[in-house]
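Presented below is the structure to which this report refers.
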Amino acid sequence: MSEVRTVPIEALATDDRFQVRLGGLREAHVRSLVEALRSGAELPPLVVTPSGESGRFLIVDGQHRAEALRRIGAKFAKVTVQGDADLWTSFQLNQLHGLPLLLSERKRMAKWLKERNPQLSVREIARMVGLSPSCVQDTLSGRRRESAGGGLVQRPDPWQRFLQALVKVYTRRGHEQDFVQRLAEAIVDLVEGQRDPGITWDALINFSDAVRLAWDITESRYARRDEETART
């Protein structure tokens, strides 16, 4: 295990070569880290690599932590230095903790691995990035599969149908005061009708976590849009 060192915050910089996450910092996550630091929590050390400039480093893992430290006025950060880091290093570290990686980020990693390791099979890459082999194959080919007749295969999208149905029900009934109560009762009826209620509850809990994550991802975008609207 690399030795933990303390370096000045000003000595840390970012570089796209090590940024596995797309779209920049997620504001809600930064704020949660700021709150944790102010309550006395100690965050894991950042992982950095030498920049080539004496005494300066590029962040491989820990962008959100570094930003949270800056916001509370910290002058120094604990880091571990890894000399041979690359995008795959950042991806592996991000899989171990923090925010879940998005599908687009996993697809990007699949392309990166294939470009630098042509000998890797689709199945090997799928296992490495946490995607199905068919998804990796489609990602690497850069096109959707076609049917025998030449048309695009229309893959069913259960998530889109589910969300459309939910929004449709809410549009019709969301104004009712007991909407949440009735939705909860419908969920209970659904669960009790399943052969394995435990699995159904697990699925619903994971869906709830996904909703919170989706809000965290988009919250800062809505905030920026509101600010722009307020200026006009």
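List of remarks:
- Flag for ARG143 being basic (Lys, Arg) and at pLDDT 80 or above: no
- For first residues located in the range 83-95 and in contact (Cβ under 8 Å) with a residue 60 or more places away in the chain, partners that are in a helix (DSSP H, G or I) and lie 6+ apart or on another chain with Cβ distances below 6 Å form the pairs LEU87/TRP112; SER90/PHE18; PHE91/MET109.
- Of the residues in the range 94-104, at least one is within 19 Å of the chain's Cα centre (by Cα), farther than 18 Å from PRO133 by Cβ, surrounded by 20 or more Cβ atoms within 10 Å (Cβ to Cβ) and not basic (Lys, Arg).
- Only a single item in (1) closer than 27 Å to ALA110 by Cα; (2) touching a residue at least 12 places away in the same chain (Cβ under 8 Å) is not met by GLY24, and it is number (2).
- Given (1) more than 30 Å from PRO45 (Cα to Cα); (2) at pLDDT 90 or above, number of the condition THR89 does not satisfy: (1)
- Test: SER51 is hydroxyl-bearing (Ser, Thr, Tyr) and closer than 26 Å to GLU115 by Cα: yes
- Selection from the range 69-93 of residues that are within 15 Å of the chain's Cα centre (by Cα) and either assigned by TED's automatic domain parsing to the domain that holds VAL129 or of a type in the set (A, V, I, L, M, F, W, C) (or both): PHE91, LEU93
- Residue match in the range 38-61 (condition: under 25 Å from ILE217 (Cα atoms), part of a helix (DSSP H, G or I) and of a type in the set (Gly, Ala, Ser)): no
The values are calculated or read from the model by the stated rules, or taken from the named source; none is laboratory data. Predicted, not measured: the structure shown is a model, and the values here were computed from it. Heads up, the Cβs are rebuilt from the backbone with ideal geometry, glycines too, and the neighbour counts pull from every protein chain shown.
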